[in-house]
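> Before I ask anything, let me first share the structure, which is written out below as structure tokens.
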2 protein chains.
Amino acid sequence: MELKESFILETWLKSLAQDTHGALGLLDDAALLHLPEDVELVITTDMAQEGIHFLPTQRGGLVASKVLGANLSDLAAMGATPYCYQLALGLTDNQYAAWMDAFVVTLADMQRTHGIGLLGGDTIRGCAALTISITAFGIVPRGRALMRTTAKVGDTVYMTGTLGDGALGLAFLQHKMLDIDESYSQFLQHRYWHPTPRLHTGQALRGIASACMDISDGLLVDCGKLCAASHVGAVIDYARLPLSSAARWAKEHMPTLFAECISGGDDYELLFTAPPEKEEAVMQVATLSKTPITAIGQIIEGDKVTLVEGTTPLILPYIGYEH
Amino acid sequence: MELKESFILETWLKSLAQDTHGALGLLDDAALLHLPEDVELVITTDMAQEGIHFLPTQRGGLVASKVLGANLSDLAAMGATPYCYQLALGLTDNQYAAWMDAFVVTLADMQRTHGIGLLGGDTIRGCAALTISITAFGIVPRGRALMRTTAKVGDTVYMTGTLGDGALGLAFLQHKMLDIDESYSQFLQHRYWHPTPRLHTGQALRGIASACMDISDGLLVDCGKLCAASHVGAVIDYARLPLSSAARWAKEHMPTLFAECISGGDDYELLFTAPPEKEEAVMQVATLSKTPITAIGQIIEGDKVTLVEGTTPLILPYIGYEH
């Protein structure tokens, strides 16, 4: 069955927008948003296309989770509270009702989890490859957004959660990890498909973190971006990188693959800096937001990010995802 | 030459964002927007893909003009003043520097013309088909946006500019109009590729128009949407439809094609309603915004849009573009 745009709107999209103030029932040329004077709107866009970010056969639920999750992770990195989103959906003629059902059920679940709603968007059909572009909106008290530009020499470098699981999950999906225990492989796939945007942590870090971003392209590449934006360098301690049990298994049994994945993308953890005197406050944020936070290095002068084991610089086979 | 994302960012995109407050130099996870208490943000998204909305060989300048123009037309339809936009760019490996140059030069021209700037976005490479999704932002005084839902029985139906030129321009590009005078064909192509968002007219219609939208899918389809949103019907007078000289030529020499194109899409004119007592005010808007405005029909009870010639209902071969 070929899906017409008006049918898609009525059957799936309107339900996602029914409680969104300003969405105007998706009936108008545009949506309306009114904000109080004391907040700023935080705006981020992520685009994904089948064949690049997921396989053509990928189920709608996983695609929704991945793309909206990546957007929410950007809001978390700014310390924002998510608010609503615009969805541009480019469907191929192979997107059937079952795919749309799964896609929309997952979006609806995420809307409930994060207290957001669909604001508006566009749908086109006949695409050469399924394409999704989401522009997500968050709210932050005026002047209190977390930035990448404000790391200072002497700050401690922290990250949330564990590193490398996303890339290891992708490696498993690419049949590069054959002898792995099933509980590990399921954990890694889940980490790959379902980013956990660290929204509560990001919000709690306002006024504590000196700089913040999310790890989407790999720790070293992303830390390099944060350092470049702040005109500083960093030393990251290899021994302190937080690893899941599954990643520790991979480190022991597949060291080459592990070394690649440790700087792979798709982790969607927060990478942030804070001055040493904020250490206790940072650990309180970890407790309050129920999110592991690990000190992994230090901001130094210069413009280089160096990974060290003890005092020896380490060279990884792969430093991250250059888009 | 394959274009890397970081190169694209540095070479082209940063220049578009250099004067945009809150774009943060395109360096951060998201952009920031602060609004005064007395305005609403108007938000619209349009997605376009090669093979559907333009040919793979299409020059970057025309693609930019068409996609950003369509977004600005949505802002015009809400009576908004354009403010900034997010650009999601999905490039194929066939997009070269010359294409990007032309694309960005046109965006920069449009930014100057409309007083807007690039706020943020995303770029991906390796796409199966060039895909562009723009989310445009406008500003409107609080509570004064023009809607589709507020047309009233007895209101006059108006439109700006002329009808059918966009569809005729596409017909020419599809080699369906061989014997046309070159000045006509150039005019029609220009109308197809370069939407003229009726921003000044839309802004001036605040408080005068009872309902408004833009004609992007065809007069009859779009008038049907406005009527459905307002729970009314409409009668449109075929003899009063405003035609360019080129369209009048087509009407005379290629009546079947003309009849198709009269309800084709891509006109990006405003379709609006106003009560009879506002007629003089509407004509003042036409003068002040230097934009032709023509009364083409009337809002009636019911739920049908009827095209009439004199008192005879007309059936067109094609009623518009269902996405």
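The values are calculated or read from the model by the stated rules, or taken from the named source; none is laboratory data. Note that the coordinates shown come from a computational prediction; the quantities given were computed from them, not determined experimentally. A quick note on method: Cβ atoms are made from the backbone with ideal geometry, for glycine too, and the neighbour counts reach across all protein chains shown.
> From the list A:156, A:149, which one is surrounded by fewer than 20 Cβ atoms within 10 Å (Cβ to Cβ) and more than 10 Å from every other protein chain (Cβ to nearest Cβ)?
Just one listed residue meets the conditions, A:156.
> Report yes if some residue within the stretch A:134-144 is more than 17 Å from the chain's Cα centre (by Cα), in a loop (DSSP other than H, G, I, E, B) and more than 30 Å from residue A:17 (Cβ to Cβ); otherwise report no.
Yes, because at least one residue in the stretch A:134-144 is more than 17 Å from the chain's Cα centre (by Cα), in a loop (DSSP other than H, G, I, E, B) and more than 30 Å from residue A:17 (Cβ to Cβ).
> Additional query: Which residue is nearest to residue A:143 (Cα to Cα), if the candidates are limited to the stretch A:73-102 and must be in a helix (DSSP H, G or I) and of a type outside the set (A, V, I, L, M)?
If we filter the stretch A:73-102 for residues that are in a helix (DSSP H, G or I), which is where we start, we get A:73-77, A:97-102.
Those still in the list that are of a type outside the set (A, V, I, L, M) too: A:73-74, A:99, A:101.
Working: A:73: 20, A:74: 17, A:99: 41, A:101: 40 Å.
Checked the stretch A:73-102; the qualifying residue nearest to residue A:143 (Cα to Cα) is A:74.
> Continuing with the same structure: Could you identify the single residue in B:38, B:46, B:29 that is in contact with a strand residue (DSSP E or B) (Cβ under 8 Å, 6 or more places away or on another chain), modelled with pLDDT of 95 or more, among the charged types (D, E, K, R) and surrounded by 20 or more Cβ atoms within 10 Å (Cβ to Cβ)?
B:46
> Of the residues that make up the stretch B:196-211, is at least one at pLDDT below 95, small (Gly, Ala, Ser) and outside any loop (DSSP other than H, G, I, E, B)?
Within the stretch B:196-211 (the criterion being at pLDDT below 95, small (Gly, Ala, Ser) and outside any loop (DSSP other than H, G, I, E, B)), the answer is no, since none of the residues qualifies.
> Spot the failing condition for residue B:21; the list is (1) closer than 15 Å to residue B:116 by Cβ; (2) surrounded by 15 or more Cβ atoms within 10 Å (Cβ to Cβ); (3) out of contact with any helix residue (DSSP H, G or I) (no Cβ under 8 Å at 6 or more places or on another chain), and only one is missed.
The failed condition is (2).
> Would you please name the residue that is farthest from the other protein chains (Cβ to nearest Cβ), looking only at residues in the stretch B:14-40 that are farther than 20 Å from residue B:111 by Cβ and outside any loop (DSSP other than H, G, I, E, B)?
Here the residue is B:39.
> Hey, can you tell me all the residues within the stretch A:80-118 that are within 10 Å of another protein chain (Cβ to nearest Cβ), buried (at least 22 other Cβ atoms within 10 Å of the Cβ) and either more than 25 Å from residue A:25 (Cβ to Cβ) or touching a His at 6+ places or on another chain (Cβ under 8 Å) (or both)?
Across the stretch A:80-118, the qualifying residue is only A:80.
> If you take the residues of the stretch A:245-302 that are over 19 Å from the mean Cα position of the chain (by Cα) and of a type in the set (Phe, Trp, Tyr), which of them is modelled with the lowest pLDDT?
Of everything passing the filter in the stretch A:245-302, A:258 is modelled with the lowest pLDDT.
> Let me spell it out: the conditions are (1) part of a loop (DSSP other than H, G, I, E, B); (2) surrounded by fewer than 20 Cβ atoms within 10 Å (Cβ to Cβ), and residue A:177 meets all of them except one. Which number is the exception?
Failing condition for residue A:177: (2).
> Next question. Quick one: residue A:128 ticks every box in (1) crowded, with 20+ Cβ neighbours inside 10 Å; (2) under 21 Å from the mean Cα position of the chain (by Cα); (3) facing another protein chain (nearest Cβ under 9 Å) bar one, so which box is it?
Among (1) crowded, with 20+ Cβ neighbours inside 10 Å; (2) under 21 Å from the mean Cα position of the chain (by Cα); (3) facing another protein chain (nearest Cβ under 9 Å), residue A:128 violates only (2).
> For the stretch A:51-67, how many residues meet the condition of being surrounded by fewer than 22 Cβ atoms within 10 Å (Cβ to Cβ) and either of a type in the set (D, E, K, R) or part of a loop (DSSP other than H, G, I, E, B) (or both)?
Within the stretch A:51-67, residues that are surrounded by fewer than 22 Cβ atoms within 10 Å (Cβ to Cβ) and either of a type in the set (D, E, K, R) or part of a loop (DSSP other than H, G, I, E, B) (or both) number 8.
> Could you tell me which of the residues B:79, B:126, B:61, B:120 is over 23 Å from residue B:14 (Cα atoms) and of a type outside the set (A, V, I, L, M)?
B:79
> Take residue A:70 and tell me if it is within 11 Å of chain B (Cβ to nearest Cβ), assigned to a strand (DSSP E or B) and either of a type in the set (S, T, N, Q) or in contact (Cβ under 8 Å) with a residue 12 or more places away in the chain (or both).
Taking the combined requirement at face value, the residue does not satisfy it.
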